[in-house]
Structure formats: structure tokens, C-alpha cells
1. Assess whether Val107 counts as being among the β-branched types (Val, Ile, Thr), in contact (Cβ under 8 Å) with a residue 24 or more places away in the chain and surrounded by 14 or more Cβ atoms within 10 Å (Cβ to Cβ).
2. Taking the stated definitions as given, is Leu97 surrounded by fewer than 14 Cβ atoms within 10 Å (Cβ to Cβ) and either in contact with a Phe, Trp or Tyr (Cβ under 7 Å, 6 or more places away or on another chain) or of a type outside the set (Lys, Arg) (or both)?
3. Considering each residue of the stretch 100-111, count those that are within 15 Å of the chain's Cα centre (by Cα) and in a loop (DSSP other than H, G, I, E, B), and give that number.
4. So, in the stretch 123-168, exactly how many residues are within 19 Å of Val91 (Cα to Cα) and free of Cβ contacts under 8 Å to residues at least 12 places away in the same chain?
5. From the set of residues in the stretch 129-166 that are among the aliphatic types (A, V, I, L, M) and open to solvent by 30 Å² or more (accessible area, probe 1.4 Å), which is nearest to Asp58 (Cα to Cα)?
6. Specify which of the listed residues (Leu10, Leu65, Leu54, Leu34) is of a type in the set (A, V, I, L, M, F, W, C) and open to solvent by 70 Å² or more (accessible area, probe 1.4 Å).
7. Looking at this structure, is Thr126 surrounded by fewer than 17 Cβ atoms within 10 Å (Cβ to Cβ), polar (S, T, N, Q) and assigned to a strand (DSSP E or B)?
Amino acid sequence: MGDVVSIELLLDDETQGSVRADWEHLARAGHSSLAAHTAPSNRPHITVLVRQSLPLVDFASASALLPVRVMLGAPIVSEHGDRGVLARTVVLDEALLAVYNAVRAAVPPGEDAPHTDPDSWTPHVTLARRLRLASLDDARALLGPERVGSAVGLRRWDSRTRTVTTLG
């Protein structure tokens, strides 16, 4: 998609810390990990919407639904050749779906990235990109247990301008 704008759910400090611990365990073992991305904007999140462009929109109705409980579940892999994206599933329940629907209701029609399209939204928290599939079993063994936490905020990431804006 090239440059994109994404709307992301942010995790509470404890849940964010546990995801960062997974990042660190992977990195220390020599695996691909988001720990390698040290930009201040790099933080664990659940992507709700991705588009090539998006006007500034008021997300107050979506923010009013926060915080919501989130269950970070089993790891999943999206394969691309001999590599893949390693992520934790996020269990989709009514409260999380309500936030997703409120975000969607706030934006004008547009073309969504497939993983955020209403028919195929796959809520997840990314742990590693370009993970060698040959090391997948080892990488999975390094991850902490499934956990319950909270999504506590919304932000807008604009990859073209490399800016993060807190929404609410």
C-alpha cells in the first residue's frame, strides 16, 4: 500500500510491558523482533484501520468505549516465502468489536488494507516481521503465556509524515 495512515488501539502499561518482554526474548535469542525498531513511535498496539489516506476524524465515540478488556492469545504466523510475521492473536469479543465498529462509523468510505477490512479484520499484536520459518518452533517457545489486559487509548500513525497523534 505504500504510505499509509493507521488507527491503532494502545495497550495498558502492564500488557505493553509483557509484549515488549516477548520482543526482547526473541531479540536476545537472535530472532527477528520488533525490539529492533527503537523509534519512539514503535509500541505494541492492535491495528484497527489502515488506509492510504484518511482525513482528520473525530474518534470521540470510539474513545468513549475505552478501556476494553483484551485477551492476547496464542501466537499466529502469516507466512511469506521462507519468512513470516509472528503475532499474538487478540480474541474478538463484543466490547472490542464495538470499538472497531465505532472507529469504522467515524471514517468516510474508503479502501482498507485487507487485514482491517470489515469482512476480514484480524486483531493481533505483532511480535516479529521477517521471522525465519525454520526458527518458528524456537521462537514460539520463547513467548510468555496468553494474557488478559486492556486497550486504553487510540492513536493515528501517518507513515508518510512519521507522526503519531493521540485520539480521543
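The values are calculated or read from the model by the stated rules, or taken from the named source; none is laboratory data. Quantities reported herein were computed from a predicted structural model and do not represent experimental measurements. Positions of Cβ are generated from backbone atoms using ideal geometry, with glycine treated the same way; all protein chains shown enter the neighbour counts. In case anyone asks, the SASA skips ligands and DNA or RNA and just uses the protein heavy atoms, side chains included. Shrake-Rupley method; radii C 1.70, N 1.55, O 1.52, S 1.80 Å.
1. Against the criterion (among the β-branched types (Val, Ile, Thr), in contact (Cβ under 8 Å) with a residue 24 or more places away in the chain and surrounded by 14 or more Cβ atoms within 10 Å (Cβ to Cβ)), Val107 qualifies.
2. Yes, satisfied.
3. 0
4. So the answer is 1.
5. Per the criteria, the residue is Val164.
6. Leu65 is the lone residue from the list that is of a type in the set (A, V, I, L, M, F, W, C) and open to solvent by 70 Å² or more (accessible area, probe 1.4 Å).
7. no
Per-residue answers, yes or no, for (1) within 28 Å of Glu14 (Cβ to Cβ); (2) at pLDDT 95 or above:
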residue: Val70; (1), (2): yes, yes
residue: Glu79; (1), (2): no, no
residue: Asp82; (1), (2): no, no
residue: Val90; (1), (2): yes, yes
residue: Val99; (1), (2): yes, yes
residue: Pro118; (1), (2): no, no
residue: Trp121; (1), (2): yes, no
